[in-house]
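Please treat every number below as a calculation from the coordinates, not as lab data. Predicted model only: the values in this text are computed from it and were never measured. For neighbour counting, all protein chains shown are included, and Cβ atoms are generated from backbone atoms with ideal geometry for every residue, glycine included.
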Amino acid sequence: RLLPSCHGERGAHYALTIATLKRKSEDIQQQISALRLAQSSLLQAAMDEVKDALAKAEPRSDRDRKIARTWGHALAQAVVDQAAEIAAEAAEDEPPNAATELAREAQQQVAETLEAHNRAEAEAREAQKLLQEEAQAEARAQAEKAMALQA
């Protein structure tokens, strides 16, 4: 009789665990999106600075132009590398198996809860059995006493 409710509790616990995992996944996706947006903004800002600098720049020799272009590309690449490094660090903060570990912990909690419930149920049955035996012994004693009084 109590077994179906155990399954219901286990199902509810699993549902809560899955909801938690989905929420964490959504949070991570939002962080990734924010980091990509930051990376894009930094790259765009660097490109805008380069365009502004080019518009204001005085004519230079071909050699100076090559040096400036090389320096600008190196600067833009440094910004891209820095943004990628920040994104990688953010990804390392949450290990890839965190969801698996959370699910494993939830499963262990469900198993422990089920085991505790089964123990409590067994103890309740044992206590009920003892009460029934005591009641039967009391009834027998009263019946014997009544028989003795009639005799």
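Conditions (1) among the aliphatic types (A, V, I, L, M); (2) touching a Gly at 6+ places or on another chain (Cβ under 8 Å); (3) under 14 Å from Ala83 (Cβ atoms), marked per residue:
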| position | (1), (2), (3) |
| --- | --- |
| Arg23 | no, no, no |
| Glu26 | no, no, no |
| Ser33 | no, no, yes |
| Arg36 | no, no, yes |
| Ser40 | no, no, yes |
| Ala45 | yes, no, yes |
| Leu54 | yes, no, no |
| Asp62 | no, no, no |
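Look at the range 19-59 and say how many of its residues are free of Cβ contacts under 8 Å to residues at least 40 places away in the same chain and either among the β-branched types (Val, Ile, Thr) or part of a helix (DSSP H, G or I) (or both).
Of the residues in that region, 25 qualify.
What pairs can you find where one residue is in the range 112-123 and surrounded by 10 or more Cβ atoms within 10 Å (Cβ to Cβ), the other is among the aliphatic types (A, V, I, L, M), and their Cβ atoms are less than 8 Å apart, with a gap of 6+ or different chains?
Cβ pairs passing all conditions: His117/Leu2; Glu121/Leu2.
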